[in-house]
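Below: the structure, in structure tokens.
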Amino acid sequence: MQDLKKLDQPLSSFVQVFDQPIKGEGKSPLAGSAIAIKDNICIKGKTITCASKILAGHKAVYNATVIDKLKAAGLVIVGTTNLDEFAFGSSTENSCYGPTKNPWDLTRVPGGSSGGSAAAVAARLVPFALGSDTGGSIRQPAAFCGVVGFKPTYGRVSRYGLIAFGSSLDQIGPLTTNFSDCAELLNIISGHDPKDSTSAFLETPDFTKSLKVPVKEIKVGLPKEYFSQGLDAQVKEAISSTADILKKKKVIFKEISLPHSRYAVATYYIIASSEASSNLQRFDGVRYGLRAVTKSLADLYARTRQQGFGLEAKRRIFLGTYSLSSGYYDAYYLKALKVRRLIKSDFDKAFEEVDAVLTPTSPTVAFKLGERVKDPLSMYLSDVYTIPANLSGLPAVSFPCGFDKQGLPIGAQLISRAFDEETLIKLGSAFEESTDFHKQIPVFKEK
Ligand code: GLN
């Protein structure tokens, strides 16, 4: 395991490499393979920090359901990966450990918040990793690092043991180098869990059956609103080539409209921050991690939170507490819930005509470290295309679909109907069959 630590030095994708990896006992096609886990998913007996000082030294007292499932499938858990504090961010720069670097260009961000997981997989330090996605945190770093990142339907995978950010949006999902590994991992982690009241009572299909099957006559929509202002020309070009490759396999494309998606970022930041402000109330110096030295109880809460939370976490708490406060609840939180419904209804309408939607994953390729830290709005906008799927609970995947002129990976996103992950795997693996973007391996350098 010393090797892994050493190999990771240029990237800092790991928070912790375990001296003794956790070896699962069980059989599955992935048994014996190594996996890394985002440091916001509980592994019993191991420190869990969410990259926040407030959890310093806290050890998880139980396994997340996904961890039990990985162990039962015989996987080997080798360590935990870096993230934006409590998954707040799009660059893995909001981490108390410092940023993770993008393996394609060490002067750039890996995306976020699951940037550690994406970078580790892209650099082939591990064959796969788990991340969590509240507004794009699996897909956007997958796009920036050139790997496959899958956000399952809300309810497909248990959230038990995932430290909650936005409980109505969060899903755990895999980051892999190809669709075959992605399907295998989805088989392992999916399924109803009595410990998560929002997990769906559904049989898990065998997702590997959707690999390498004909995609003839699958209908895919291109939402016109997603190809306008703010989209980098080279990213746009790569998405239209993606459509061309699928057209050769007789996939049928048509233009569709998702008119309310333009309100998605604003809606998301009200809802996600409201839920986050509520979820973070438990970190008060009494039960977990950091405890400030003070004389009174009220002071203990205040100082622990003041010392323990980073800037972005504080921003979310302010925003969320404000939107939920009695004078502003109707104007902000309630309004956002109504707009969320409209965004979802657009998808319902689109899925009367098409089986999936193709979009860019992010408007640009990976940006430079430090470039957006001081401008939260520009950071938030890197998730314009991923957020609607979380607000609507829909499954979505980002996969490598090209490189820009500087050799930086570009990701394409496919979104499908609730619990129709299979269509995404069919289309994605068909695309993969005709291309080799997913086979490119980064050579660490500064561009
Ligand atoms: N970047 C988005 C945010 O900062 C999404 C994060 C996530 O999916 N966890 O909230």
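The values are calculated or read from the model by the stated rules, or taken from the named source; none is laboratory data. Small disclaimer: the values here were computed from a predicted structure and weren't measured. Glycine gets a Cβ as well: all are built from the backbone with ideal geometry, and neighbour counts include every protein chain shown. Areas reflect the complete protein model, heavy atoms only, side chains present, ligands, DNA and RNA absent. Shrake-Rupley method; radii C 1.70, N 1.55, O 1.52, S 1.80 Å.
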Failed item, numbered, when Phe351 is tested on (1) outside any loop (DSSP other than H, G, I, E, B); (2) aromatic (Phe, Trp, Tyr); (3) more than 16 Å from the ligand (Cβ to nearest atom); (4) in contact with a helix residue (DSSP H, G or I) (Cβ under 8 Å, 6 or more places away or on another chain): (4)
Residue match in the range 169-180 (condition: within 16 Å of the ligand (Cβ to nearest atom), part of a loop (DSSP other than H, G, I, E, B) and at pLDDT 95 or above): yes
Hits in the range 278-295 (condition: surrounded by fewer than 17 Cβ atoms within 10 Å (Cβ to Cβ) and not aliphatic (A, V, I, L, M)): Ser278, Gln281, Arg282, Arg287, Thr294, Lys295
Hey, Ala238 more than 16 Å from the ligand (Cβ to nearest atom), surrounded by 15 or more Cβ atoms within 10 Å (Cβ to Cβ) and farther than 23 Å from Lys349 by Cα or not: yes
Failed item, numbered, when Gln16 is tested on (1) crowded, with 24+ Cβ neighbours inside 10 Å; (2) touching an Asp or Glu at 6+ places or on another chain (Cβ under 9 Å): (1)
Inter-residue pairs, beta-carbon under 9 Å, first under 24 Å from Gln413 (Cα atoms) and open to solvent by 20 Å² or more (accessible area, probe 1.4 Å) and in the range 176-202, second assigned to a helix (DSSP H, G or I) and of a type in the set (Phe, Trp, Tyr), 6+ apart: Glu184/Phe207; Asn187/Phe207
Pairs with Cβ under 6 Å, 6+ apart, first in the range 314-331 and within 16 Å of the ligand (Cβ to nearest atom), second not in a helix (DSSP H, G or I): Arg316/Phe88
Residue under evaluation Leu125, criteria (1) away from the ligand (no atom under 16 Å from the Cβ); (2) over 20 Å from Phe18 (Cβ atoms), criterion not met: (2)
Top-ranked residue in the range 95-111 [being of a type outside the set (A, V, I, L, M) and open to solvent by less than 10 Å² (accessible area, probe 1.4 Å); ranked as nearest to the ligand (Cβ to nearest atom)]: Gly111
Check on Gly166, at pLDDT 95 or above and closer than 12 Å to Ala87 by Cα: yes
Any hit, the range 352-372, residues being at pLDDT below 95 and in contact with a Lys or Arg (Cβ under 6 Å, 6 or more places away or on another chain): no
Residues located in the range 70-88, provided they are in a loop (DSSP other than H, G, I, E, B), in contact with a strand residue (DSSP E or B) (Cβ under 7 Å, 6 or more places away or on another chain) and more than 16 Å from the ligand (Cβ to nearest atom): Leu75
Scope the range 354-394; condition buried (at least 23 other Cβ atoms within 10 Å of the Cβ) and part of a strand (DSSP E or B); matching residues: Ala356, Val357, Leu358, Thr359, Pro360
Leading residue by the ranking (surrounded by the fewest Cβ atoms within 10 Å (Cβ to Cβ)) among those in the range 112-129 that are of a type in the set (Ser, Thr, Tyr) and outside any helix (DSSP H, G or I): Ser113
Subset of the range 271-313 (residues that are away from the ligand (no atom under 14 Å from the Cβ), closer than 13 Å to Leu55 by Cβ and part of a helix (DSSP H, G or I)): Arg282, Thr304, Arg305, Gln307, Gly308
Pairs where the first residue, in the range 287-301, is closer than 12 Å to Ala56 by Cβ and the second is outside any loop (DSSP other than H, G, I, E, B) and of a type in the set (Val, Ile, Thr), C-beta under 7 Å, 6+ apart: Gly289/Ile54; Leu290/Ile54; Leu290/Thr304; Arg291/Thr304; Ala292/Thr304
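Can you tell which of Leu280, Leu258 is on the phi < 0 side of the Ramachandran plot and in contact with an Asp or Glu (Cβ under 6 Å, 6 or more places away or on another chain)? Working first, answer last.
Working: Leu280 fails: in contact with an Asp or Glu (Cβ under 6 Å, 6 or more places away or on another chain).
It is Leu258.
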Sole residue being touching a Pro at 6+ places or on another chain (Cβ under 9 Å) and either in contact (Cβ under 8 Å) with a residue 60 or more places away in the chain or farther than 29 Å from Gly98 by Cβ (or both), chosen from Ile271, Ile252, Ile256: Ile256
Qualifying residue in the range 399-410 (condition: touching a Cys at 6+ places or on another chain (Cβ under 7 Å) and either closer than 15 Å to Gly149 by Cα or buried (at least 20 other Cβ atoms within 10 Å of the Cβ) (or both)): yes
